[in-house]
Amino acid sequence: MEKFPLSTSGLQDLISEMHALPDAQLGQQAESIGNDFSAWIIEHFILDESQINFLHAIDERFIARAATDCKYFLGNRLPISLVKEAQAQRAEPEEGEDRGKLLDLDKKTSSSFSAANGFASSEELIFTISYQNPV
């Protein structure tokens, strides 16, 4: 399978490709991301060594939540998006220096009802990558 850039458009292209899969194959992908989130990300995105190292350093509680949520959203063909702030170019950080990268995972649920349109509900999973210490 083709790897995608870790960007807003890269994730959208990957999700579009996943949503086009037959149900059985999509179910396999959903199980895979639920069972090993980090390995699935490495398998599907173009990452450099520092990104892989960062992925492996993420708290297991965040990984477990992301795995559970992604399994549900992917398996149900629901939208998953990425908001990635641009990071200013910097010299390489000193060893052990915190780059200030922040990861947020939000679920957005909306429901509405009207006599004309009945009940409508939508959900979206949103990953946000931002930087606490902009240059």
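No lab work stands behind these numbers, since they all come straight from the coordinates. Given the structure is predicted, the values throughout are model-derived calculations rather than measurements. For neighbour counting, all protein chains shown are included, and Cβ atoms are generated from backbone atoms with ideal geometry for every residue, glycine included.
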Stretchable slack from Lys101 to Asp13, in nm (0.36 nm times residue separation minus alpha-carbon distance): 29.3 nm
FRET efficiency for Ser122 and Ala86, using Cβ-Cβ distance with R0 set to 41 Å, rounded to 0.05: 0.90
Segment 116-135-segment 1-41 distance, computed between alpha-carbon centres (Å): 18 Å
Cut-off 11 Å (backbone N to label point 7 Å along Cα→Cβ of Ala39), residues of segment 68-86: none
Counting DSSP beta bridges with both ends in the chain, the antiparallel % (nearest 5): 65 percent
Size descriptor, Kirkwood hydrodynamic radius, that averages inverse alpha-carbon separations across segment 1-79, Å: 12.8 Å
Cα-based Rg / Dmax (Å) for the chain: 16.8, 61
Dipole of the chain [Lys/Arg +1, Asp/Glu -1 at C-beta], most positive-end residue of Ile41, Ala120, Phe54: Ala120
